[in-house]
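Q: My questions will all concern the structure given below.
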Amino acid sequence: MSYMDISKKPGYRENHLTALWKVGKPTINGWLAIPDPCCAEAMAQAGWDSVTIDLQHGLIDYSGMVPMLIALSTTPVVPLVRVPWLEEGVIMKALDARAYGIICPMVNTKSEAERFALACRYAPRGIRSFGPVRARPTRAMTMKIGRTTRCSPSP
């Protein structure tokens, strides 16, 4: 199954950021620091290409982030999360909650950048564990994980 076939599946949302970046277009990002799903929904309706939920300097923690990601998922805006630090567990939880991308502060060396990339990718290219809370398993995810995973494609 090709990438294009997967993107036509019901429930699949294209990551408009990567689509715009592939053709050299700029993108505009909104920023959320208050843990409120209504604020997230309002920002998502404001015309941003993406909206970042700030777990580093804002007032938001994991339990505040999840309802905000749910609110953002009702719109075409791309949901991003800025994690507090280069902490693999927090990065994986944000991706499992359905963040489409992670902004990771305090990455200053090649080694730290490699650690960050490994936390975002499933084996064999990374160390991300499989446990999607909101990011439901899809055929694309199953194909990336490999044959050791026994998850079926989503309908």
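Q: If you scan region 116-125, which residues turn out to be in contact with a Gly (Cβ under 9 Å, 6 or more places away or on another chain) and outside any loop (DSSP other than H, G, I, E, B)?
A: Residues of region 116-125 that are in contact with a Gly (Cβ under 9 Å, 6 or more places away or on another chain), as a first pass: 117-120, 122-124.
Those that are in contact with a Gly (Cβ under 9 Å, 6 or more places away or on another chain) and outside any loop (DSSP other than H, G, I, E, B): 117, 118, 119, 120, 122.
Q: Taking the condition at pLDDT below 95, within 21 Å of residue 134 (Cβ to Cβ) and part of a helix (DSSP H, G or I), does residue 17 pass? Please lay out each step first, then the result.
A: Working: at pLDDT below 95: yes; within 21 Å of residue 134 (Cβ to Cβ): yes; part of a helix (DSSP H, G or I): yes.
Yes: the conditions hold for residue 17.
Q: I would also like to ask the following. Within the set of pairs 6 or more residues apart or between chains, which connect a residue that is modelled with pLDDT of 95 or more inside region 98-116 to a residue that is of a type in the set (D, E, K, R) with Cβ atoms less than 7 Å apart?
A: 103/82; 105/82
Q: Oh, and also: Would you point out which residue out of 80, 95, 32, 17 is on the phi < 0 side of the Ramachandran plot and over 12 Å from the mean Cα position of the chain (by Cα)? Talk me through it step by step, then tell me what you get.
A: Working: 80 fails: over 12 Å from the mean Cα position of the chain (by Cα); 95 fails: over 12 Å from the mean Cα position of the chain (by Cα); 17 fails: over 12 Å from the mean Cα position of the chain (by Cα).
Of 80, 95, 32, 17, the one residue that is on the phi < 0 side of the Ramachandran plot and over 12 Å from the mean Cα position of the chain (by Cα) is 32.
Q: Name, by its number, the condition in (1) closer than 15 Å to residue 16 by Cβ; (2) touching an Asp or Glu at 6+ places or on another chain (Cβ under 8 Å); (3) modelled with pLDDT of 95 or more that does not hold for residue 86.
A: (1)
Q: If we scan region 71-82, do we find a residue that is closer than 16 Å to residue 15 by Cβ, in contact with a Leu (Cβ under 7 Å, 6 or more places away or on another chain) and of a type outside the set (A, V, I, L, M)?
A: Yes, some residue in region 71-82 is closer than 16 Å to residue 15 by Cβ, in contact with a Leu (Cβ under 7 Å, 6 or more places away or on another chain) and of a type outside the set (A, V, I, L, M).
Q: Which residue pairs have Cβ atoms under 7 Å apart, sit 6 or more places apart or on different chains, and have a first residue in region 42-65 that is under 14 Å from residue 85 (Cβ atoms) and a second that is assigned to a loop (DSSP other than H, G, I, E, B) and among the charged types (D, E, K, R)?
A: What qualifies is 55/61.
Q: Something else about it: Across region 109-125, what is the total count of residues that are within 14 Å of residue 87 (Cβ to Cβ) and touching a strand residue (DSSP E or B) at 6+ places or on another chain (Cβ under 7 Å)? Before you say what the answer is, go through the steps one by one.
A: Residues of region 109-125 that are within 14 Å of residue 87 (Cβ to Cβ), as a first pass: 112, 115-116, 118-120.
Pick out the ones that are also touching a strand residue (DSSP E or B) at 6+ places or on another chain (Cβ under 7 Å) and you get 119-120.
Of the residues in region 109-125, 2 are within 14 Å of residue 87 (Cβ to Cβ) and touching a strand residue (DSSP E or B) at 6+ places or on another chain (Cβ under 7 Å).
Q: What strands (runs of 3 or more DSSP E) completely inside region 20-115 contain at least 2 residues that are of a type in the set (Ser, Thr, Tyr) and surrounded by 18 or more Cβ atoms within 10 Å (Cβ to Cβ)?
A: On the way: elements: 29-32, 50-54, 78-82, 101-103.
The strands (runs of 3 or more DSSP E) meeting that bar are 50-54.
The values are calculated or read from the model by the stated rules, or taken from the named source; none is laboratory data. This structure is a prediction, so every number in the text was calculated from the model and none was measured. Backbone-built Cβ (ideal geometry, glycine too); neighbour counts: all protein chains shown.
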